[in-house]
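Let me begin by presenting the structure, written as structure tokens, before commenting on it.
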Amino acid sequence: MAILVSGGAGYIGSATVERLRAKGEQVVVLDDLVRGYRAALERDVPFYRGRVGDRALVARIAVEHQIEACVHFAALAYVGESVAEPAKYFENNVEQGVAFVGALLGAGVRRLVFSSTCATYGEPEKMPISERTPQWPKNPYGWSKLLMERLLESYSHAYGLKFVSLRYFNAAGATERCGEHHEPESHLVPNGLAAALGKKPEVAVLGRNYPTPDGTPIRDYVHVADLAEAHISALDYLRQGGDSDFLNLGTGRGYSVLEVIECARQVTGSPIPVRIEGPRPGDPARLVADAALARAVLGWQPVASDLASILRSQWEWQKKHPQGYERE
Ligand SMILES: NC(=O)c1ccc[n+]([C@@H]2O[C@H](COP(=O)([O-])OP(=O)(O)OC[C@H]3O[C@@H](n4cnc5c(N)ncnc54)[C@H](O)[C@@H]3O)[C@@H](O)[C@H]2O)c1
């Protein structure tokens, strides 16, 4: 029996594959490599290059590898791109997602861990954000994830699907092997560290007039290794007969963009120049998690997510991989 990891060649997916294999699990990866890297996975990981909406391929993988559960990371995940090109997001994340979950159920796979996001909440007034906070996304990316959550809930009632939807706040940091490398890179941590390495002249700060103490957006950063661990706990929970649920993954502590850059300066010893730009469309001012439910349901607690450790781990990774992963 094996676990199918869609989007397993991406940032969070590859770190989760690494952790699952370290625990002795059989893992199969399905990824179309539009945003991921084969090099992020060890050579002996069974790998299929294809889209999650390819029902015949998913059915074949499920039978050939006796898939018992799925972790569904595959998605497009740029807020700004989703505002400019919403059709791309609804096609890739929703249309393909519907086909994917349908093919899994058709093949008898009834356990699913889903990558959801704090972007499904939009911009709530009250912080921290709990799972009872109303969801009203501010951008098409968030809507695409919320639609998938509604689908999972309906399928869970009607078809016996058991799922855990993990709403991550901001993933960051690296393991020994797997680090953050997107192309184009829109995330603050790798961009700030690229400036420290001299790969970029400076790091962009997108907006300085948000209603926060220093005027820059506040986010809750979670180490990718802690996220990987949460997926393993969620799979165990489903195997033990746990009920479908939606769980936030965050630390409960938020940092502004300028605070992250200041911490990166301390970790790297580099001045990291900044360039102030206009705000990005669809970006809320503040997103901080109440993750008490994940602790209660999964026993999950972040252990590697203090900001300096996050930055140090990604800094080590970027020094070893100054160009990121190689494309094949
Ligand atoms: N990075 C974050 O801070 C964050 C926060 C909240 C939620 N998420 C969610 O977590 C998941 C992983 O994020 P990430 O940062 O690792 O992104 P990523 O882009 O590094 O990984 C996504 C992977 O999915 C693959 N993919 C995309 N569409 C596909 C399709 N139709 N068929 C097959 N493969 C496809 C890409 O090639 C890529 O390897 C995404 O679903 C994202 O929405 C990420």
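Translational diffusion coefficient, Stokes-Einstein: compute it for the stretch 194-274 using the Kirkwood radius over C-alpha pairs as Rh, at 25 °C and 0.890 mPa s, and state it as an integer in µm² s⁻¹.
Numbers: Rh = 15.4 Å.
Translational D for this selection: 159 µm²/s.
Normalised by the empirical 2.2 N^0.38 Å for globular proteins, what value does the Cα Rg of the stretch 127-238 take?
1.33
Roughly speaking, to the nearest percent, how much of the stretch 173-328's 1.4 Å accessible area is carbon and sulfur?
Here carbon and sulfur together make up 50 percent of the probe-accessible area.
Could you work out the helix-only [θ] at 222 nm for the chain, with each DSSP H run of four or more residues adding -39,500 (n - 2.57) and the total divided by the number of residues, to the nearest 500 deg cm²/dmol?
After summing the helix terms and dividing by the residues of the chain, the value is -11000 deg cm²/dmol.
Considering only C-alpha atoms, what is the centroid distance from the stretch 53-79 to the stretch 28-42, in Å?
So the separation of the two Cα centres works out to 13 Å.
Over the alpha-carbon set of the stretch 121-173, work out the extent along each principal axis and list the three values in angstrom, largest first.
Answer, in whole Å and largest first: 35, 27, 21 Å.
Report, to the nearest whole %, how much of the accessible area of the stretch 1-58 belongs to carbon and sulfur atoms, 1.4 Å probe, protein only.
C and S fraction of accessible area: 47 percent.
Between Rg and the Kirkwood Rh of the stretch 241-310, both from Cα atoms, what is the Rg to Rh ratio?
When Rh is taken as the Kirkwood radius, the ratio is 1.09.
Give me the accessible area per residue for the chain, probe 1.4 Å, as a whole number in Å².
The answer is 41 Å² per residue.
When a/c reaches 1.5 or more, the comparison of a/b and b/c decides; with that in mind, is the stretch 273-328 rounded, prolate or oblate per its Cα gyration tensor?
oblate
Taking 35 Å as R0, compute the FRET efficiency from the Cβ-Cβ separation of A56 and H182 and round it to 0.05.
On the way: r = 29 Å, r/R0 = 0.84.
Taking R0 as 35 Å, the efficiency between A56 and H182 is 0.75.
Hey, which lysines would be in cross-link range of K200, C-alpha to C-alpha under 22 Å, not counting anything within fewer than 8 residues on its own chain?
K319, K320
On a full-extension model of 0.36 nm per residue, what is the gain between E123 and D243, subtracting their alpha-carbon distance, rounded to one decimal in nm? Mind dumping the intermediate values first?
Details: separation 120, 0.36 × 120 = 43.20 nm, distance 2.82 nm.
Result for the pair: 40.4 nm of gain on full extension.
Stokes-Einstein D for the stretch 1-88 at 25 °C, 0.890 mPa s, Kirkwood Rh over Cα pairs, in µm²/s?
Reported coefficient: 184 µm²/s.
Take the chain, compute every pairwise Cα distance, and split them into 10 Å bins from 0; I just need the percent in each bin.
6, 27, 37, 23, 6, 0
Straight-line reach from K162: which aspartates and glutamates have a Cα under 13 Å away, not including same-chain ones fewer than 8 places off?
Within the straight-line cut-off, K162 pairs with E68, E149, E153, D236, D243, D245.
Rounded to the nearest 20 Debye, what is the dipole magnitude of the chain about its Cα centre when Lys and Arg each give +1 and Asp and Glu each give -1 at the C-beta?
The calculated dipole for the chain is roughly 100 debye.
Once each part is reduced to its C-alpha centroid, what is the distance from the stretch 141-203 to the stretch 210-246 in angstrom?
Their Cα centres are 10 Å away from one another.
What residues have an amide H closer than 5 Å to that of V274, excluding those fewer than 5 places away on the same chain, when H is modeled at 1.01 Å from N in the peptide plane?
HN-HN under 5 Å from V274: V203.
Mind giving me the nanometre distance, one decimal, between the label points for R132 and E25, set 7 Å out from Cα along Cα→Cβ?
Spacing of the two 7 Å Cα→Cβ label points: 3.1 nm.
In square nanometres, what is the average projected area of the Cα convex hull of the stretch 32-160?
9.0
Taking only C-alpha pairs under 8 Å that are 6+ residues apart, what is the relative contact order of the stretch 162-287 in percent?
Computed over the stretch 162-287, the figure is 41 percent.
Given contacts defined as C-alpha pairs under 8 Å and at least six residues apart, what's the relative contact order of the stretch 1-103, whole-number percent?
33
The values are calculated or read from the model by the stated rules, or taken from the named source; none is laboratory data. The structure displayed is predicted, hence computed values, not measured ones. A quick note on method: Cβ atoms are made from the backbone with ideal geometry, for glycine too, and the neighbour counts reach across all protein chains shown. Note: accessible area is taken over every heavy atom of the protein model, side chains too, but ligands, DNA and RNA are not part of it. Shrake-Rupley method; radii C 1.70, N 1.55, O 1.52, S 1.80 Å.
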